[in-house]
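S.K.: Shown below is the structure under consideration.
The values are calculated or read from the model by the stated rules, or taken from the named source; none is laboratory data. Everything quoted here is computed from the prediction, not taken from an experiment. Cβ placement follows ideal geometry from the backbone for every residue including glycine, while neighbour counts extend to all protein chains displayed. The protein model used for the area step is the full one, side chains on, heavy atoms only, and it has no ligands, DNA or RNA in it. Shrake-Rupley method; radii C 1.70, N 1.55, O 1.52, S 1.80 Å.
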Amino acid sequence: ATHSARERHITTAAQGLHKGSGCVCFAKMNMSRVKPAAPKQSSAPLPPAAKQRQLPRLEDFLKKRDYVGATTLLEFMASADMPLPKSDDWLGYCKFHLGDYSSAMKIYEGICATEADDSQSPAWLHLACCQFLLGMYREADESASKGPISSLQNRLFFHLSHKFDEHERLMQHHGELQDVTLDQCTLASIHYLRNHYQEAIEIYKKELAKSKDNHALDVYIALCYYKLDYYDVSQDVLRKYQEMHPDSATTMNLTACNHFRLFNGKEAENQLNELQKMASPSFEYAQDLIKHNLVVFRNGEQALQVLPPLIDVLPEARLNLVIYFLREHALAEAAKLISDMEPVTPQEYILKGVVNAAQGQETENEEHLRLAQKYFNLVGGSASECDTIPGRQCMASAFFLMKRFDDVLIYLNSIKDYFYNDDTFNFNYGQALASVQKWKEAEDALLLIKADRIRRTFCYIGWLARCYIMSKKPRLAWELYLKMETSRESYDLVNLIANDCYTMGQFYYSAKAFDVLERLDPDPTYWEGKRGACIGVFQQVVAGEEPDRALSEVVQILRNTTNNPRVDKIVRVMNLWARDNGVALDEVEDDEA
């Protein structure tokens, strides 16, 4: 009877926080906002004393993008009963740019309440922008409809149509976009949201050619290259803007993400620490972003404390929490967290596939395995992902679950240079190679694995033992068994060794393994296997293929079987041959006992 090593696929998408959803890169929506002209300053020079007493100007804060300072000035002047012109409008503007969308929304709600009859008030559109960024899409749609017809309103409706998946409405507003930078950037952002990064890059580059001083477009281009896994290109594109605006939270965060992908979590963390020092306590969005990405860069440290509150703030937080649960073998929690999520992005499809694959293998549920294959095929077969590394991993995963290992190797061979030291990849690669009987290559791949969490599994030990046996190294397979504690898995391993060694004509170790099995379970099948293996060893000793000492051990193994008259007959034949050929059958100590 043959007992094969159990196959188990660890999907490379779930190998760690940094390979699944990953860190978050953010960019602000382009919103049209007419800036009031600055009040005219007196041309008469002020005396030195007056200059010292002069309050800072709002315009100075806004030029420096110091929204905390601008907010402080606006609130101070209002508390002193000397509100600046359009004080509430500017306060909402500052709160919005600080990422405090809730506070900005309340301010604009107050403005809209006082201007309820004014259908031309832009406050309705500003309110809709806040609601949109808070995920209140229905409310944003209603507020935007009350505002004046404008390019900003059209851009809002364009984004909302995408959120509502209303294709006809989306195309209607698409047709109303003009060949101006803000409208074209909105079109590019929809391409970005649909994972059409190359199309987005082309639009941004076209707009940059029109206005070479608009260096902010480089940031959007860099974001697209990051999403395309061109991290070095992304960093090169970003460099000029970063030199001009070294305190930009967006560029500092994107740089950290690029360093994480290109180098390691420590390098990324150093970049993020600079952002943490720079970010204002009032800049809540940056704070959330920093906390989230630090969890990723630190390989999941404090994930349970940081990620759950961010699930409704950053979409990646949910995905990374699922990955954390998978790594901690908390499959039920991972499945619960992702069960109601309708996948949209490739990362979400991949993670749904990973969770279903894990559930299917854990419970031997064919429906979960079928769903996993479906999700992996959707990503790997899509035009945008088929030639990416994750896309090829997905196709390999789908074929792995279908046990089409020749096809698995086609995809894994195409990306193996990127994963030489990756334990999860090498585990999957080794299993696939072994499944098509490429034993030496499979052995090499499995021996590259360093992680104890994999090396301790029976799946790993069983496949490595089989590779040793098929490569004519049965002693190494036997040593794997000797290192195991007595358990069901050690029983399965010795069963595998007994049968595989017998098949390969490695009768000495087959006899030792069948002897262990017979002592554990007096099944007649084990005696038959042991008898055949012992006779096979005798034949090999006679032929000079095994040392004389092996015959002494075989005689002792046979005598371990009691109350079986055939034992004496076999031993007698062996003793007669040994005496006639001058071989001393010494008593030997069983190294398994």
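S.K.: Return the distance in nm (one decimal) between the two label points of a simple spin-label model at Lys240 and Val313, each offset 7 Å from Cα along Cα→Cβ.
M.R.: Result: 3.5 nm between the two label points.
S.K.: Of the accessible area of segment 41-191, with the probe set at 1.4 angstrom, what percent is carbon plus sulfur?
M.R.: 53 percent
S.K.: With r defined as the distance between the Cβ atoms of Asp340 and Met504 and R0 fixed at 41 Å, what FRET efficiency is calculated, to the nearest 0.05?
M.R.: 0.20
S.K.: Accessible area per residue of the chain at 1.4 Å probe, in Å²?
M.R.: Counting only protein heavy atoms, the per-residue value for the chain is 50 Å².
S.K.: Follow-up question, since we're still on this one. Can you compute 3J(HN,Hα) from phi for each residue in segment 487-503, using the Karplus curve 6.51 cos²θ - 1.76 cosθ + 1.60 with θ = phi - 60°, rounded to whole Hz and x for Gly and Pro?
M.R.: 6, 4, 5, 5, 5, 5, 5, 5, 5, 4, 4, 4, 6, 5, 5, 4, 4
S.K.: Taking Lys473 as the anchor, which lysines have their alpha carbon closer than 22 Å to its alpha carbon, excluding any fewer than eight residues away along the same chain?
M.R.: In chain and number order, the partners are Lys438, Lys440, Lys450, Lys483, Lys512, Lys530.
S.K.: Summing Lys, Arg as +1 and Asp, Glu as -1, what charge do residues with Cβ under 12 Å from the Cβ of Asn426 carry, Asn426 excluded?
M.R.: Cβ neighbours under 12 Å give a net charge of -2.
S.K.: Quick one: length gained pulling Thr525 to Asp60 fully straight, 0.36 nm per residue minus the C-alpha distance?
M.R.: Going from the current span to full extension adds 158.4 nm.
S.K.: Which stretch or stretches of segment 383-413 have amide N atoms under 20 Å from the point lying 7 Å from Glu202's Cα along the Cα→Cβ direction?
M.R.: The answer is 383-388.
S.K.: For the cross-link pairs Lys240/Lys266; Lys86/Lys146; Lys106/Lys352, which exceed 28 Å when the distance is taken from alpha carbon to alpha carbon?
M.R.: Lys106/Lys352
S.K.: Setting aside same-chain residues fewer than 8 positions from Lys64, which aspartates and glutamates have a Cα under 13 Å from its Cα?
M.R.: Asp247
S.K.: With an 8 Å Cα cut-off and a minimum separation of 6 or more residues, compute the relative contact order for segment 466-593 in percent.
M.R.: In percent, rounded to a whole number, it is 17.
S.K.: Turning to a different aspect of this structure: Among the GluC sites (Glu not before Pro) in segment 356-420, which ones are in a DSSP loop with at most 12 other Cβ atoms within 10 Å of the Cβ? Mind listing them?
M.R.: Passing sites in segment 356-420 are Glu364.
S.K.: Something else about it: Carbon-plus-sulfur fraction of the accessible area of segment 493-564, 1.4 Å probe, in percent?
M.R.: 48 percent
S.K.: Report relative contact order for the chain in percent, whole number only (criteria: Cα-Cα under 8 Å, sequence separation at least 6).
M.R.: 11 percent
S.K.: Please list 3J(HN,Hα) in residue order for segment 324-329, calculated via the Karplus relation 6.51 cos²θ - 1.76 cosθ + 1.60 where θ = phi - 60°; whole Hz, with x for glycine and proline.
M.R.: These are the phi-based 3J(HN,Hα) values: 4, 4, 5, 5, 8, 6 Hz.
S.K.: With the crude spin-label approximation of a point 7 Å out along Cα→Cβ, what separation in nm comes out for Glu364 versus Lys266?
M.R.: About 4.6 nm, to one decimal.
S.K.: Once label points are set 7 Å from the Cα along Cα→Cβ at both Lys569 and Asn299, what is their separation, rounded to one decimal in nm?
M.R.: Computed distance between label sites Lys569 and Asn299 equals 6.2 nm.
S.K.: Could you calculate the FRET efficiency of Ala78 with Ile389 from 1/(1 + (r/R0)^6), where r is the beta carbon distance between them and R0 is 45 Å, rounded to 0.05?
M.R.: 0.25
S.K.: Note the listed values [x] 84, 48, 32; [y] 71, 23, 20; [z] 39, 26, 25, then indicate which one is semi-axes √(5λ) of the Cα gyration tensor in Å calculated from this particular structure.
M.R.: Correct label is [y].
S.K.: Now a separate question. Ignoring everything except DSSP H segments at least 4 long, calculate the 222 nm mean residue ellipticity for the chain; use -39,500 (n - 2.57) per segment, divide by total residues, nearest 500.
M.R.: Estimated from H runs of four or more residues: -20500 deg cm²/dmol.
S.K.: Taking all protein chains as present, what is the carbon and sulfur share of the accessible area of segment 252-333, in % to the nearest whole number, probe 1.4 Å?
M.R.: Result for segment 252-333: 47 percent of the exposed heavy-atom area is carbon or sulfur.
S.K.: Ok, one more. Expected output is a single nm value to one decimal: the length gained when fully extending between Lys440 and Asp406, i.e. 0.36 nm times separation in residues minus the C-alpha distance. What is it?
M.R.: The Lys440-Asp406 span can extend by a further 10.6 nm.
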